[in-house]
């Protein structure tokens with residue numbers, strides 16, 4: 001699997017889990033909590049859940065069996081990032097292509 005696909009999966013899969021968790025939370029949340037948010041409730045809850053779920057999954061990843069990690073994170077192999085050497089100067093500045 002390419003690094004680009006791996007990176008995409010490791011972003012999308014936890015986001016999908018966060019959306020499922022957010023839907024369950026907003027569906028079962030008491031009315032006094034979600035009524036004040038109106039239609040913005042789910043829109044606000046998903047990023048908040050993602051902000052909590054993603055770091056938690058990354059912290060738990062080394063302790064999870066590989067099949068479980070694959071289901072929760074999309075891949076057990078983190079992508080590797082290599083900077084393009086042709087556009088970066090010695091001092092770290094980018095030059096125009």
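When you check residue 29 against the structure, is it out of contact with any strand residue (DSSP E or B) (no Cβ under 7 Å at 6 or more places or on another chain) and under 19 Å from residue 73 (Cβ atoms), yes or no?
Judged against the criteria, residue 29 is not a match.
Collect the residues in segment 26-37 that are assigned to a helix (DSSP H, G or I) and loosely packed, with under 14 Cβ neighbours inside 10 Å, keeping them in residue-number order.
Result: 27, 28, 31, 32, 33.
Only one of 23, 40 is assigned to a helix (DSSP H, G or I) and touching a helix residue (DSSP H, G or I) at 6+ places or on another chain (Cβ under 9 Å). Can you tell me which?
Testing whether each residue is assigned to a helix (DSSP H, G or I) and touching a helix residue (DSSP H, G or I) at 6+ places or on another chain (Cβ under 9 Å) leaves just 23.
Tell me, which residue of segment 53-93 that is at pLDDT 85 or above and part of a loop (DSSP other than H, G, I, E, B) is surrounded by the fewest Cβ atoms within 10 Å (Cβ to Cβ)?
Among those residues, the one meeting the criterion is 65.
The values are calculated or read from the model by the stated rules, or taken from the named source; none is laboratory data. Keep in mind the model is a prediction, meaning the values are calculated, not measured. Positions of Cβ are backbone-derived with ideal geometry, glycine not excepted, and every protein chain shown enters the neighbour counts.
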